Amino acid sequence: MIQSKTAKESEVTMTEMVLPNDTNTLNNLMGGRLMHWMDVVAAISAQRHSNSLVVTASVDTISFNNPIALGNVVTLHAVTTRAFNTSMEIFIEVYAEDIPACIKQKTHQAFFTFVAVDPQGKPVKVPELVPQTPEEEELYEGALRRRQLRLVFAGRMDPKDALEVQALFNIQQDKDGND
């Protein structure tokens, strides 16, 4: 197994056009279709990083504040931000482009978590991710806090053990680590 990889090695860009079958009754892209596209582009990024089969473990908040219209071209960009033992965090940015009007805007972003698995579905180790740019370093550093939040909210980590996010839970510890 490769010991480490860069974020750039996992970058994926996917482009789709919003067609009538992709829209709701207001002629905007259905949220479920967008989530499907985001899951696909993120899975490819995770596979590139891990050189393994991957499964979706979690999806952070996706807010639908900016509709994407029929006929728009949608560009999804995904990159692995950090690798843990068997899981990886993937950052996805979504842009919608009205080509005739020369308007392109960022419409959505989210973090997805994937777990690398073998053909029998058992988790496997993934290479370490080494950030190389200031933006990659910022995403990398924030990934541990986001991971701890996900685990606390899922009931898989005690807030007292989430050292990176304790302030959010108003947990005070003395210098010996006691509450």
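Is there a residue being over 21 Å from Gln148 (Cα atoms), of a type in the set (Ser, Thr, Tyr) and in contact (Cβ under 8 Å) with a residue 24 or more places away in the chain anywhere in the stretch 75-89? Checking the stretch 75-89: at least one residue is over 21 Å from Gln148 (Cα atoms), of a type in the set (Ser, Thr, Tyr) and in contact (Cβ under 8 Å) with a residue 24 or more places away in the chain. Within the span defined as the stretch 108-120, every residue fails to be closer than 30 Å to Asn28 by Cα, free of Cβ contacts under 8 Å to residues at least 24 places away in the same chain and among the β-branched types (Val, Ile, Thr). In the condition set (1) over 17 Å from the mean Cα position of the chain (by Cα); (2) at pLDDT 95 or above, Glu136 is compliant with all but (1).
Here's the yes/no breakdown for (1) touching a strand residue (DSSP E or B) at 6+ places or on another chain (Cβ under 7 Å); (2) touching a residue at least 12 places away in the same chain (Cβ under 8 Å); (3) over 30 Å from Ile2 (Cα atoms):
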| site | (1), (2), (3) |
| --- | --- |
| Met14 | yes, yes, no |
| Asn24 | no, no, yes |
| Val54 | yes, yes, no |
| Val59 | yes, yes, no |
| Ile62 | yes, yes, yes |
| Gly71 | no, yes, yes |
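Would you point out the residue of the stretch 115-132, among those that are farther than 14 Å from Ala43 by Cβ and in a strand (DSSP E or B), that is nearest to the chain's Cα centre (by Cα)? Once the filter is applied, the top-ranked residue is Leu129.
The values are calculated or read from the model by the stated rules, or taken from the named source; none is laboratory data. All figures in this text were calculated on a predicted structure; none of them were measured in a lab. Glycine gets a Cβ as well: all are built from the backbone with ideal geometry, and neighbour counts include every protein chain shown.
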